[in-house]
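Data first, discussion second: the structure below is written as structure tokens.
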Amino acid sequence: MSAVPAAVEAYAPRAERAILDVSGEMTDAVAAMREHTPGRERASYHPLFAPPRVPGNVDAVVDEGGPVIEGISAAIEAGGNEVFETSAREHDEAMETVQAGAHAAVLAWRLAGDDVREEFHTPVSAALDEVADTVTEGSPAVYAEIQRAFDGADDVAAAAREIADADSEAFANLYEAARGDRESRERHE
């Protein structure tokens, strides 16, 4: 992700009709494409899944559309994927939760836990263990880049600390907030 702006600058002169990126960070990528490829079609796509889990959702920021970008979106959808449009800001803010925060929470759970026999797993811990297996089958460099690109891990750590320090009443309030009860969440804030 961090290499995209320099790569766009270096290779933009080769783009005759369109340029796109699939790095997973959109704000800087779209800005670099806009700066270095005016007059060409531009889009940033982010497959929201690892290659072993194809097909899935692919978000797209179409900065300058046209037939090439439309064809690329159609080809992605023809592979069974769901392409949906967003803004660079909305995407990057969402990645703070769905990538940086989620990965940090899962990795922290795995690192903090002890190895237990399979029979001890509850439905929740078994599901977390499976998710941790999924997260750790990838490249640590990719996951590190995600942590550098997006905030989110600190919020997870702060929430974990708040849960750990909570008395019964505070815990109940946090639990209700996590449940999604809007009124409890607003009280918590």
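Taking amide hydrogens as placed 1.01 Å from N in the peptide plane, the amide H of R42 sits under 5 Å from those of I19, D63, E64, G65, each at least 5 positions away in sequence or on another chain.
Using the Cβ-Cβ distance between A166 and E16 with R0 set to 41 Å, the FRET efficiency from 1/(1 + (r/R0)^6) comes to roughly 0.10.
Taking every DSSP helix (H) stretch of at least 4 residues in the chain, weighting each as -39,500 (n - 2.57) and dividing the sum by the residue count yields a mean residue ellipticity at 222 nm of -16500 deg cm²/dmol.
Per residue, how much accessible surface does the chain expose to a 1.4 Å probe? Answer in Å², no decimals.
Details: 12040 Å² over 189 residues.
In whole numbers, the chain has 64 Å² accessible per residue.
Please report the spacing between the Cα centers of the stretch 1-16 and the stretch 36-78 in Å, no decimals. One Cα centre to the other: 16 Å. Close amide H partners of D59, meaning residues 5 or more places away or on another chain with modelled amide H under 5 Å apart, are H46, L48, F84.
Please quote Rg/Rh for the stretch 1-94 to two decimal places, taking the Kirkwood radius as Rh and restricting both calculations to Cα atoms.
On the way: Rg = 12.7 Å, Rh = 13.3 Å.
Taking Rg over the Kirkwood Rh, I get 0.95.
Return the loop-located GluC sites (Glu not before Pro) in the stretch 16-66 (DSSP other than H, G, I, E, B) with at most 10 other Cβ atoms within 10 Å of their own Cβ; answer none if there are none.
Working: sites: E16, E25, E35, E41, E64; in loops: E16, E25.
Taking the stretch 16-66 and a limit of 10 other Cβ atoms within 10 Å, the loop GluC sites (Glu not before Pro) found are E16.
Under the convention that each Lys and Arg Cβ holds +1 and each Asp and Glu Cβ holds -1, the size of the dipole of the chain around its Cα centre is about 620 debye.
Taking 0.36 nm per residue of sequence separation and removing the Cα-Cα distance, the A3/F120 pair yields an extension gain of 37.7 nm.
The shape of the stretch 91-179 comes out oblate: with a ≥ b ≥ c from the C-alpha gyration tensor, a/c is at least 1.5 while a/b does not beat b/c. When you restrict to C-alpha pairs under 8 Å that are six or more residues apart and normalise by the size of the chain, the relative contact order lands at 16 percent.
Along the chain, counting only trypsin sites (Lys or Arg not before Pro) with a DSSP assignment other than H, G, I, E or B and at most 13 other Cβ atoms inside a 10 Å radius, the longest segment between sites is 18-116. Full extension of the segment from A50 to V98, taken as 0.36 nm per residue of separation minus the current Cα-Cα distance, would add 15.9 nm.
Electrostatic tally near D115: other residues with Cβ closer than 14 Å to its Cβ, Lys and Arg +1, Asp and Glu -1, net -3.
How large is the Kirkwood hydrodynamic radius of the chain, counting all unique pairs of alpha carbons, in Å? Spell out each step's value before the answer.
Working: mean 1/r = 0.0526 Å⁻¹.
Its Kirkwood hydrodynamic radius stands at 19.0 Å.
The values are calculated or read from the model by the stated rules, or taken from the named source; none is laboratory data. Please read these numbers as outputs of a predicted model, since none were measured by experiment. Cβ coordinates were reconstructed from backbone atoms using ideal geometry, including for glycine residues, and neighbour counts include every protein chain displayed. Quick note on the areas: whole protein, heavy atoms, side chains included, nothing else; ligands and nucleic acids left out. Shrake-Rupley method; radii C 1.70, N 1.55, O 1.52, S 1.80 Å.
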